[in-house]
Amino acid sequence: MLSPTDLAAKYRSNGRKLTPQRKLIFQLLHENEMHPTAELLFAEASAQMPGISLRTVYQTLSELVEMGELQMIDIGGGATRFDPNLGDHHHVVCVDCGQIRDVHVSGVSALRPSGAEDFVISEVGVVFQGVCSSCEKSRVKTVKSSRAKSPALQAKSSK
């Protein structure tokens with residue numbers, strides 16, 4: 001994504017109204033690797049600029065996508081996320097907490113799915129799903145904790 005200053009200039013040159021609210025959204029998106037939802041951006045923007053509207057956030061995000069300066073990501077099961085990284089990359093998603101990270105995979109563009117011979121493939125997007133290390137640690141603690149508290153396991157261990 002362009003710098004907030006360059007994005008503001010491009011936004012204005014596209015005949016769009018540049019407001020302090022939109023400038024703030026540009027700043028919040030710049031180099032943001034969290035793949036935020038509109039609601040998350042709204043919460044961050046509201047903390048810095050009370051009175052900003054959710055409609056303004058949605059409108060600005062929509063216009064940035066339309067301009068090709070922002071990518072929409074729909075990984076299913078929830079709100080659309082936004083990615084300012086327009087470079088060639090893919091995503092890994094934690095199925096527990098929903099965290100999304102950019103990943104780079106070599107050779108993906110050469111993939112050719114069988115059954116799609118009558119399609120002209122213009123884009124390949126890969127989403128890996130799994131459990132992040134924080135959630136995995138939490139899962140292990142939960143399993144150990146539930147085993148320790150289980151009366152059946154306590155009875156077995158006391159015999």
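The values are calculated or read from the model by the stated rules, or taken from the named source; none is laboratory data. Every value quoted in this text rests on a predicted model; they were computed, and no experiment measured them. Please note: Cβ atoms are built from the backbone with ideal geometry, for glycine as well, and neighbour counts cover all protein chains shown.
If we scan region 89-96, do we find a residue that is modelled with pLDDT under 95 and out of contact with any strand residue (DSSP E or B) (no Cβ under 8 Å at 6 or more places or on another chain)? Checking region 89-96: at least one residue is modelled with pLDDT under 95 and out of contact with any strand residue (DSSP E or B) (no Cβ under 8 Å at 6 or more places or on another chain).
The listed residues are 55, 22, and the only one of them that is without any contact (Cβ under 8 Å) to a residue 60 or more places away in the chain, of a type in the set (Lys, Arg) and in contact with a helix residue (DSSP H, G or I) (Cβ under 9 Å, 6 or more places away or on another chain) turns out to be 22. Within region 88-102, the residues that satisfy the criterion of being under 11 Å from residue 130 (Cβ atoms) and under 12 Å from the mean Cα position of the chain (by Cα) are 92, 93, 94, 99, 101. Taken together, 96, 102 contain a single residue that is part of a loop (DSSP other than H, G, I, E, B), acidic (Asp, Glu) and out of contact with any Ser or Thr (no Cβ under 6 Å at 6 or more places or on another chain), which is 96. Please go through region 13-25 and pick out each residue that is closer than 16 Å to residue 56 by Cβ and in a helix (DSSP H, G or I). 20, 21, 22, 23, 24, 25, listed by residue number. Being under 21 Å from residue 126 (Cβ atoms) and either among the basic types (Lys, Arg) or over 15 Å from the mean Cα position of the chain (by Cα) (or both) is a property that residue 81 has. When residue 51 is tested against (1) part of a loop (DSSP other than H, G, I, E, B); (2) assigned by TED's automatic domain parsing to the domain that holds residue 38; (3) within 20 Å of residue 32 (Cβ to Cβ), only condition (3) is not met. The residues of region 1-39 that are among the polar types (S, T, N, Q) and touching a Phe, Trp or Tyr at 6+ places or on another chain (Cβ under 9 Å), listed by number, are 3, 5, 32, 37. When region 1-12 is filtered for residues that are over 22 Å from the mean Cα position of the chain (by Cα) and in a loop (DSSP other than H, G, I, E, B), nothing remains.
For region 35-52, taking the residues that are in contact with a helix residue (DSSP H, G or I) (Cβ under 9 Å, 6 or more places away or on another chain) and in contact (Cβ under 8 Å) with a residue 24 or more places away in the chain, the one that is surrounded by the fewest Cβ atoms within 10 Å (Cβ to Cβ) is identified as 48.
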